[in-house]
Every structure is written in C-alpha cells, then in structure tokens.
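Novice: The structure follows.
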Amino acid sequence: MKKIRCSLAYHRMPIGSFGDFAGGVRDGIYGNATEFDTPPLDQAAYQSILSDYLNKRYAYKQGGNAQIGPYQAALEKLLSTLDSLAEYVDSVASEDENIILLSGFVPTKASNSKVPKPGQATGVTITRGSTGVLRAECDNQNVGIYYGCIVTMGAPLPTSMYIDKYGQFRVLVNETDDAPAQVLLGSIIDLNMNRRKEFSGLTPGVTYYFAFYVVNAQGVGSLSTPASLMCG
C-alpha cells in the first residue's frame, strides 16, 4: 500500500504558479508553529531563498537570456529547500492528510520521484495571425517549468548550437569541444515562459525560423528541430 506523503509535483508546476505555491508553504509551516515546531531552517532563511528566487525571476524576465544562469541557480535552491521541507512535513504528518494540507503541500499516494532533465522540445507548429503576426507553440513536457523560443530570419540556427545550464549559447566544434556562440543578428529570444507564444511587428514576406527549448531545475533541454513560416 502506497504511503500518503507530500507531492513533489511542484517540480513541474507552471512558472506562474510556483512562487505562490512556495509562499503558501511558508505560510503553512511557519504560520503553524505548534504542528511544525522544528523545521530544517527558520522562517528568515526560507524567506531569503524565496525572495532571491522572485528577484532573479524578475531580473530574468526583464534582462533576457543573460540572466538565466542566476535565475536557474535560485530556482534550484528553492526547489531543494522545498524538497527538504517536504521530507520534514512527511515525518511530522505520519500520513495524516490534514497536516500535510496545513503545511501548504499537497498529499499524494502517487509515484513521487523527482523530474528528470527536459528532453528536446518537440511538436513545434507555426501559424499566421494578422499582418505581421506569427504564433508558435510546442508540445507540453510534464518535466518542464518554462519554455523559451529563439526566432531567426532567413535561416535557422545551426544544428551544432545549444544552450548550456547557465543559459549561454554555445556551438559544438567537434565531438569533445565547444565554443561560445552568438545567435544571428536580428534574432528574437522569447522568455515569456509559456509554450504558446505570439510574435508581432514581423516583416511580411520574410521567412522566420523558430527553435524552442525547455527548462526545469535539472537543466536545459536541447533545441527543437527548427520550424519555419513566411510572415503574412
């Protein structure tokens, strides 16, 4: 019989909900000191980790791919902290669903393994909107937290290009070596984190190429096979 314990589904939670969830765990555990009197870290330490994540997420959204490394590190730290708190709550709750709910976590009997690193983004489709607008999306990966997209004009990204765990573009030189790389001039890098995206202000008659990638706390998946469409 499977035990009732804290779900680790927050590892694949949509990015827009993750900060609220982490805040709910803070309020649940540190707001109920009678039930949770010996957490593995105090409230000030947890709030510092949560605030760092929220600040790095904002910087990433504002500053673009140059900020993905610090954001990724803050995300990994917060997820690791939540994992530690989940283990603590499980030990306190002893399979009592009400205590788990009180903590801000969600009780589950399902498989509770952590998610793996994302794979290659797949299923990229492009459609036309109004004049100068193209819409793009890729398949959902349950292991993904957010989805990036790189748009180039006239030619796709080289197949040897990839994004490392620090968010830096690199290109394979041979089987064992790589080097820093730059995306093509005029490229658009979308960091809105959803897998459905809309690009406006494009030039009618120009063919645009789209490459998606998926990110979670375990790393960055490989770029999708490019998909292209001429803008109407």
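The values are calculated or read from the model by the stated rules, or taken from the named source; none is laboratory data. Predicted, not measured: the structure shown is a model, and the values here were computed from it. Cβ atoms come from the backbone with ideal geometry, glycine included; neighbour counts cover every protein chain shown. The area values use the complete protein model at the heavy-atom level, side chains included, leaving out ligands, DNA and RNA. Shrake-Rupley method; radii C 1.70, N 1.55, O 1.52, S 1.80 Å.
Novice: Please state which of the following conditions Gly23 fails to meet, knowing it meets all the rest: (1) small (Gly, Ala, Ser); (2) open to solvent by 30 Å² or more (accessible area, probe 1.4 Å); (3) outside any loop (DSSP other than H, G, I, E, B).
Specialist: Tallying (1) small (Gly, Ala, Ser); (2) open to solvent by 30 Å² or more (accessible area, probe 1.4 Å); (3) outside any loop (DSSP other than H, G, I, E, B), Gly23 fails exactly one: (2).
Novice: Only one of Tyr30, Tyr46 is of a type in the set (Phe, Trp, Tyr), within 26 Å of Lys117 (Cα to Cα) and either open to solvent by 40 Å² or more (accessible area, probe 1.4 Å) or in contact with a Pro (Cβ under 9 Å, 6 or more places away or on another chain) (or both); which?
Specialist: Tyr46
Novice: Also, quick follow-up: Within the stretch 53-88, work out how many residues are among the charged types (D, E, K, R), within 21 Å of Gly28 (Cβ to Cβ) and out of contact with any helix residue (DSSP H, G or I) (no Cβ under 7 Å at 6 or more places or on another chain).
Specialist: Going through the stretch 53-88 one residue at a time, the tally reaches 2.
Novice: If the Cβ limit is 6 Å and pairs must be 6+ apart or interchain, which residue in the stretch 191-202 that is in contact (Cβ under 8 Å) with a residue 12 or more places away in the chain pairs with which residue that is among the basic types (Lys, Arg) and in a strand (DSSP E or B)?
Specialist: Glu198/Arg135
Novice: If you don't mind, another one. So, in the stretch 165-176, exactly how many residues are open to solvent by 90 Å² or more (accessible area, probe 1.4 Å) and assigned to a loop (DSSP other than H, G, I, E, B)?
Specialist: Number satisfying all stated conditions: 5.
Novice: So Glu95 clears everything in (1) touching a residue at least 40 places away in the same chain (Cβ under 8 Å); (2) in a strand (DSSP E or B); (3) open to solvent by 30 Å² or more (accessible area, probe 1.4 Å); (4) not small (Gly, Ala, Ser) except one condition, right? Which one?
Specialist: Of everything listed in (1) touching a residue at least 40 places away in the same chain (Cβ under 8 Å); (2) in a strand (DSSP E or B); (3) open to solvent by 30 Å² or more (accessible area, probe 1.4 Å); (4) not small (Gly, Ala, Ser), Glu95 misses just condition (2).
Novice: Is it the case, given these coordinates, that Ser84 is more than 29 Å from Gln182 (Cα to Cα), open to solvent by less than 10 Å² (accessible area, probe 1.4 Å), of a type in the set (Ser, Thr, Tyr) and touching a residue at least 12 places away in the same chain (Cβ under 8 Å)?
Specialist: No.
Novice: Next question, about the same structure. Of the residues Pro40, Pro14, which single one is closer than 22 Å to Lys114 by Cβ, in contact with a helix residue (DSSP H, G or I) (Cβ under 7 Å, 6 or more places away or on another chain) and open to solvent by 60 Å² or more (accessible area, probe 1.4 Å)?
Specialist: None of the other options fit; the residue is Pro40.
Novice: Among the residues of the stretch 66-81, write down those that are surrounded by 18 or more Cβ atoms within 10 Å (Cβ to Cβ) and either under 19 Å from Pro118 (Cβ atoms) or at pLDDT below 95 (or both).
Specialist: Matches in the stretch 66-81: Gln67, Ile68, Pro70, Tyr71, Gln72, Ala74, Leu75, Leu78, Leu79.
Novice: When the stretch 177-219 is examined, which residues are found to be open to solvent by 60 Å² or more (accessible area, probe 1.4 Å) and part of a loop (DSSP other than H, G, I, E, B)?
Specialist: Asp177, Gln182, Leu184, Leu185, Asn194, Ser200, Gly201, Thr203, Pro204, Gln218
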